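All remarks here apply to the structure that follows.
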Amino acid sequence: MRGRYFRYIFENLDGGLFHTGSIYDKEKQKIINYIYMVGSGCRSALQTKEPEICINKEKMPEVTDILIVGSYSARYLNILIHIVKNYKIGTIILPYLAPIQRLVLVEEMEDCGIAGKDVAKFLQDPFLFLKESGIENIYFLFGNSAPIEKDPEELDRGVHFERADSESMQLIYEMEGNVIPVVHAGYMIENEWIFYFGVYGLDIQILSNFTREYFSHIENIHKISENANEDYTSQMKRLIQEFRRKFSNSPVTTVTMYEGPLHTSPGENDSYMVEKEFNRKERCELWARCQKDSRCTCSISCIYGKDHDNIQHHKRGAVKPKFGMLMFGNANLNRYFYEIMKRYLKVIHQIRGIGVPNCGCGADWNHQILEVFNRKDRMYWICCKHDITSAGVVSDIVLSASNNRFLPVAGEWGCCLSGYIIPKDEMD
C-alpha cells in the first residue's frame, strides 16, 4: 500500500525547542528521522547550573538521518555534543560561526561553569570534531542560495546546497587556517518531503574586519609583557568585551527551516492530520518504528481516544491541505522579516505550523507575521516556554484571530502533529 505517514513532535529540552520528526513511506518501507534543535539566543537567559540532558536513549532511533542545529547557545552546545557522541548521525546541518563568535561562546560557558573538554574541542575546530565523530555529511551554512522559484513538487530530488563563492571561502580560510566545507543554504528532499533552509545573522566580512582592526592597534602581543600566556589571555578577554560592546544588540546567527510534503493534491490524495498535547512521562515513542509485516506505529493511533484538533481534506474540490511547518529558530523578525518572507514565498501557502522565534522573546518578534498567516484555516504557533517569553507576543498571537492556536511547550508538556497522505486509489 502506498502512502506517507508523518509526525512532528515539539518539546522543551532545558529551555530550548527540541523538534523531532519522522516521515514514513509505507510502499518503500523507508523512514526518515530528523531533529531540529535550537536553544535560547538570549544571553541574559544563561544559568549556572549544569544543562539537563534528559534524552531517553530508548526513544531515539538507530540512526538520526538529519540533525539540524537552528542556533548555537552556551547551554545547547552540551546537548549537541551529547547527541553527536552517543548517537549515529547521517547528516548534520548547522550555521557557520566565525572564530570570534565561537570564542565568545567559550567565554560564556566558562562564566557559567558548563564548559566541558568536548565542547572546547568542538568550538576550536567544529568540522574536525564532527568528522572524527563519524558524521558522513557535514554542511556549514553561510549565506543563502536564490529562493526556489518552482513549486516544491517540481524541484529536483536530492541535496541542493551551493558551494560558497571563492571570495568568501578565501576569507574563511584566512580566519580558520584551514578549509571548511561552507555552503549556501538550499534545500534537500527525502521521502518526498522537502527541507528548505535559510540562514541569517552577522556578515562574516564585518566580523573579519572587526578582528583585523582590533589587532591592528596591538603590536606583537607576545612581546608586550614578560608573561606571554597571561598577556594573551587578557587580550582575548578585552577582545570579547569589545565584541560584546559593539555587537551585543546584533541578531544571532540562526538557521530557519521549512518542512513539508511535496504532494498533497486533494484530487489525488486523502489526507488527515491531528494535533494533541502530551505529558512527557506518558508520551508514545518519539520515532515511528516500521516493521516489514506490520503497520507503522504512530501517534495517529491516539486519534480516537483523546481530545484533538482534526484537519481533513477528502473532497476532490477541496483547497490544497497545509501540512508544512516553518521553524524560525532564533531569527530576529524585526531585522529579517522581509528577507525571510521572500525566501519562503513559494511555500507560505502550505504552512500550517510556526515555531515562534527565540522562545517568544519580544525583541525578536514582529507582529506583521500575523498578517501573512491571517487565514480561515487553523494555525499552530509552537513556542518554547522560557523566562524570556513575552506576554505581548502571546497576546498578539492569541488575540489576533480566533483560529490561532498558541501551543507552549514546557518541561512537562509537549505537542504532536501527525497524520497521513494516501493516494485515493489506495483508499478504495
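The values are calculated or read from the model by the stated rules, or taken from the named source; none is laboratory data. Computed from a prediction, not measured in an experiment: that's the story for all the values here. When we count neighbours, we look across all protein chains shown, and the Cβ atoms used for this are built from the backbone with ideal geometry, even at glycine. All accessible areas refer to the heavy atoms of the entire protein, side chains included, with ligands and DNA or RNA removed. Shrake-Rupley method; radii C 1.70, N 1.55, O 1.52, S 1.80 Å.
By how many nm would the segment from Thr233 to Ile348 grow when fully extended, if each residue of separation counts as 0.36 nm and the alpha-carbon distance is taken off? All intermediate terms of the calculation are to be shown ahead of the outcome.
Details: separation 115, 0.36 × 115 = 41.40 nm, distance 4.83 nm.
Extending this stretch completely gives an extra 36.6 nm.
Going down the list Lys26/Lys346; Lys26/Lys150; Lys117/Lys385; Lys117/Lys342; Lys85/Lys322; Lys342/Lys385, which pairs span over 32 Å between their C-alpha atoms? Each step should come with its number before you reach the end.
Numbers: Lys26/Lys346 28 Å; Lys26/Lys150 27 Å; Lys117/Lys385 30 Å; Lys117/Lys342 41 Å; Lys85/Lys322 36 Å; Lys342/Lys385 28 Å.
From the list (Lys26/Lys346; Lys26/Lys150; Lys117/Lys385; Lys117/Lys342; Lys85/Lys322; Lys342/Lys385), the Cα-Cα distance tops 32 Å for Lys117/Lys342; Lys85/Lys322.
Using θ = phi - 60° and the Karplus relation 6.51 cos²θ - 1.76 cosθ + 1.60, list the HN-Hα couplings for region 23-32 in order, rounded to whole Hz, with x at every Gly or Pro.
10, 10, 9, 5, 5, 8, 6, 10, 10, 10
Please list, in chain and number order, the residues 5+ apart from Ser71 or on another chain whose amide H is under 5 Å from its amide H, with Hs placed from the backbone.
Amide H neighbours of Ser71: Gly39, Val255.
In the full protein assembly as shown, how much of Met60 is accessible to a 1.4 Å probe, in Å² to the nearest 10?
10 Å²
Between Tyr173 and Ile206, what FRET efficiency follows from the Cβ-Cβ distance if R0 is 22 Å, with the result rounded to 0.05?
Once the sixth-power term is evaluated, E becomes 0.80.
Give me, ordered by chain and number, the residues 5 or more places off Leu13 or on other chains with an amide H under 5 Å from its own placed amide H.
Phe18
Modelling each spin label as a point 7 Å along the Cα-to-Cβ direction, I'd like the Asn334/Asn137 distance in nm, to one decimal.
3.8 nm
Ratio of alpha-carbon Rg to the 2.2 N^0.38 Å globular estimate for region 339-428, to two decimals, please.
In units of the globular-protein estimate, region 339-428 measures up at 1.25.
Consider all pairwise Cα distances in region 109-195 and report the whole-number % of them above 15 Å.
69 percent
Using a 1.4 angstrom probe and counting only protein chains, how large is the accessible area of Asp118 in Å², to 10?
The accessible area comes out at roughly 50 Å².
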